[in-house]
Amino acid sequence: MGIRRYKPNNAGRRNMSVSDFAELTKGAKPEKSLLRPKKRCSGRNNKGIITVRHRGGGHKRHIRLVDFRRNKDGEIGLVQSIQYDPNRTSRIALIVYEDGVKRYIIAPEGLTVGMKVNSGADAEPRVGNCLPLSKIPLGSEIHNIELRPGCGGCMCRSAGTKAVLVARENDWAQITLPSGEIRRVPSSCRAVLGVVGNGDHMNIMIGKAGRARWLGRRPHVRGTAMNPIDHPHGGGEGRTKGGRHPVSPTGKPTKGTSTRKHKKPSNRAIIRRRKSRRYGLLKLS
């Protein structure tokens, strides 16, 4: 796992870098039974209206069915290969269980071909194993964490992320998330031990606009470069911000405004909010 940098033969190559893919298993092909076609929506909803701007195009992809629940308890799984997934920043590992069932899981750092993984309350607390939070030692680094028992892991799934299990009290476990937020989670929820692999992903430089188009990212146009009918910042004589704070095309503030619902039921599970870079500690009110 590392970064490979190109020689500056031209302007596009000058600052470009890619992953060296050293951790991937050579010659490994995607498991066909775990592939599904991915339909493009290009940021549009079911009515064809653009809800996410600057999306479209890009290379064709297949969806890899990743096992986020890890509910195959009591059966030993063998790591057959470490593979690339175009739909996420982390790597995935192909697991073959004793009964012949194959599943993909998120590959944590240190998981290699030939290692064995297990799930359930009786599994050993080691890298790659999935256990309830009530059975994981305090101070352990975890990922793929459930918010509700049985719903599947939904937190800490991207490359290089981890959370820390810091305390347990009654039926609740207290974890510290990568953002700095401290949250309570039911102790019966599951998590996988270890840190998500491919931590060097954050250091990759795209290098040129064409590479962003391969990823399905279309050009971003500044609001000040538009006409008044297209954006609140548009129009005016010369370059101007319109004499107002930055807003979205629909007129909503885009900087420093909380977008979380104040009466959201899960707010009671947050012990300490994450810190904002600009305004310090975010408040629930």
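Below is a table of values for the structure above.
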item: Any hit, the range 202-212, residues being closer than 26 Å to GLY110 by Cα, in a helix (DSSP H, G or I) and either in contact with an Asp or Glu (Cβ under 6 Å, 6 or more places away or on another chain) or not β-branched (Val, Ile, Thr) (or both); result: yes
item: The range 6-29: number of residues that are surrounded by 15 or more Cβ atoms within 10 Å (Cβ to Cβ) and more than 13 Å from ARG91 (Cβ to Cβ); result: 4
item: Some residue of the range 52-62 being under 24 Å from ILE105 (Cα atoms) and surrounded by 12 or more Cβ atoms within 10 Å (Cβ to Cβ); result: yes
item: Residue count for the range 242-268, restricted to those that are at positive phi and modelled with pLDDT of 85 or more; result: 1
item: Filtered residues of the range 229-254 (kept if exposed (fewer than 12 other Cβ atoms within 10 Å of the Cβ) and acidic (Asp, Glu)); result: GLU237
item: Whichever residue in the range 64-88 is over 14 Å from GLU31 (Cα atoms) and among the small types (Gly, Ala, Ser) and, among such residues, is least open to solvent (accessible area, probe 1.4 Å); result: GLY77
item: Number of the condition not met by GLY194 [criteria: (1) at pLDDT below 95; (2) of a type in the set (Gly, Ala, Ser); (3) buried (at least 17 other Cβ atoms within 10 Å of the Cβ)]; result: (1)
item: Near pairs, Cβ below 7 angstrom, 6+ apart or cross-chain, from the range 255-267 (open to solvent by less than 90 Å² (accessible area, probe 1.4 Å)) to any residue that is not small (Gly, Ala, Ser); result: GLY256/ARG278; GLY256/TYR279; SER258/LEU282; ASN267/LEU284
item: Test for ALA121: is it in a strand (DSSP E or B), among the small types (Gly, Ala, Ser) and either farther than 23 Å from GLU75 by Cα or at pLDDT below 95 (or both); result: no
item: Total residues in the range 89-105, condition touching a residue at least 60 places away in the same chain (Cβ under 8 Å), in a loop (DSSP other than H, G, I, E, B) and either out of contact with any Ser or Thr (no Cβ under 7 Å at 6 or more places or on another chain) or under 18 Å from LYS26 (Cα atoms) (or both); result: 2
item: Considering residues of the range 162-185 that are closer than 26 Å to LYS72 by Cα and open to solvent by 30 Å² or more (accessible area, probe 1.4 Å) only, the residue nearest to the chain's Cα centre (by Cα); result: LYS162
item: Residue within the range 51-73 that is part of a loop (DSSP other than H, G, I, E, B), at pLDDT 95 or above and among the hydrophobic types (A, V, I, L, M, F, W, C) present; result: yes
item: Total residues in the range 34-50, condition surrounded by 11 or more Cβ atoms within 10 Å (Cβ to Cβ) and either touching a Gly at 6+ places or on another chain (Cβ under 6 Å) or outside any loop (DSSP other than H, G, I, E, B) (or both); result: 5
item: Filter result (assigned to a loop (DSSP other than H, G, I, E, B), small (Gly, Ala, Ser), within 26 Å of LEU65 (Cβ to Cβ) and within 23 Å of the chain's Cα centre (by Cα)) within the range 1-33; result: ALA22
item: Residue count, the range 124-133 (criterion: assigned to a loop (DSSP other than H, G, I, E, B) and open to solvent by 10 Å² or more (accessible area, probe 1.4 Å)); result: 4
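The values are calculated or read from the model by the stated rules, or taken from the named source; none is laboratory data. Please read these numbers as outputs of a predicted model, since none were measured by experiment. Here the Cβ is made from the backbone with ideal geometry for all residues, glycine too, and neighbour counts use every protein chain on show. Surface accessibility is based on the protein's heavy atoms, side chains included, excluding ligands, DNA and RNA. Shrake-Rupley method; radii C 1.70, N 1.55, O 1.52, S 1.80 Å.
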